[in-house]
Amino acid sequence: MTTIVACPRDPEIETALRCSRCDTPICPKCLVQTPVGARCRECARMTKSPVYTVSGSSLAAAIGVALVGGVAMGLVWGFATRNVIGLGGLFSFFVGAGLGWAFTRMMDMATRRKRGPVILGCAIAGLVVAWLIQLAMVNGQILVGGLIALGVGVYWCYQQLR
């Protein structure tokens, strides 16, 4: 038989509900629905995965890698495309995939395999820095191939670091 008791957090509310973990009475306002049933707030407290928890040192490392890597890759990319009139098609796809792969590996090494929107944002910022340097090296000509490569690199980073 179920007993009706007052909720410990809201004494004016009577309830027959109990936490599925610690058996504490909970009212409908206090319960947190979890995949394993209704729980009190203490038992349902969920922590963020350590993979997505970015410390200050990891963030600093990610920003440093984005800037230094972006400059280095932008210079290489600019020298490679300086005398090419139209970098397009399949070559752009491979350049973008290579840039995306390189930035995801650099972020992995710098942040010890952290993931999430902060790390993804740093990687995309590095790609944009590389694209801007490459664009400056080809005298400001907006090459369709460069935009394709940037898009492919951003997509690659998104798929790996989200």
From the option list SER20, SER49, single residue qualifying as open to solvent by less than 70 Å² (accessible area, probe 1.4 Å), closer than 30 Å to ARG162 by Cα, assigned to a loop (DSSP other than H, G, I, E, B) and out of contact with any Phe, Trp or Tyr (no Cβ under 6 Å at 6 or more places or on another chain) is SER49
Looking at the stretch 55-96, which of the residues that are under 21 Å from ASN139 (Cα atoms), β-branched (Val, Ile, Thr) and under 28 Å from the mean Cα position of the chain (by Cα) is modelled with the highest pLDDT? VAL71
Closer than 30 Å to ARG21 by Cβ, in contact (Cβ under 8 Å) with a residue 60 or more places away in the chain and hydrophobic (A, V, I, L, M, F, W, C): does that describe VAL51? yes
Qualifying residue in the stretch 57-68 (condition: part of a loop (DSSP other than H, G, I, E, B), open to solvent by 60 Å² or more (accessible area, probe 1.4 Å) and either of a type outside the set (D, E, K, R) or under 30 Å from TYR155 (Cα atoms) (or both)): no
Residues (open to solvent by 90 Å² or more (accessible area, probe 1.4 Å) and at pLDDT 85 or above) located in the stretch 36-46: VAL36, ARG41, GLU42
Within the stretch 106-162, how many residues turn out to be among the polar types (S, T, N, Q), open to solvent by less than 40 Å² (accessible area, probe 1.4 Å) and within 17 Å of the chain's Cα centre (by Cα)? 1
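The values are calculated or read from the model by the stated rules, or taken from the named source; none is laboratory data. Remember, it's a predicted structure, so these values are computed and weren't measured experimentally. When we count neighbours, we look across all protein chains shown, and the Cβ atoms used for this are built from the backbone with ideal geometry, even at glycine. SASA here: full protein model, heavy atoms, side chains in, ligands and nucleic acids out. Shrake-Rupley method; radii C 1.70, N 1.55, O 1.52, S 1.80 Å.
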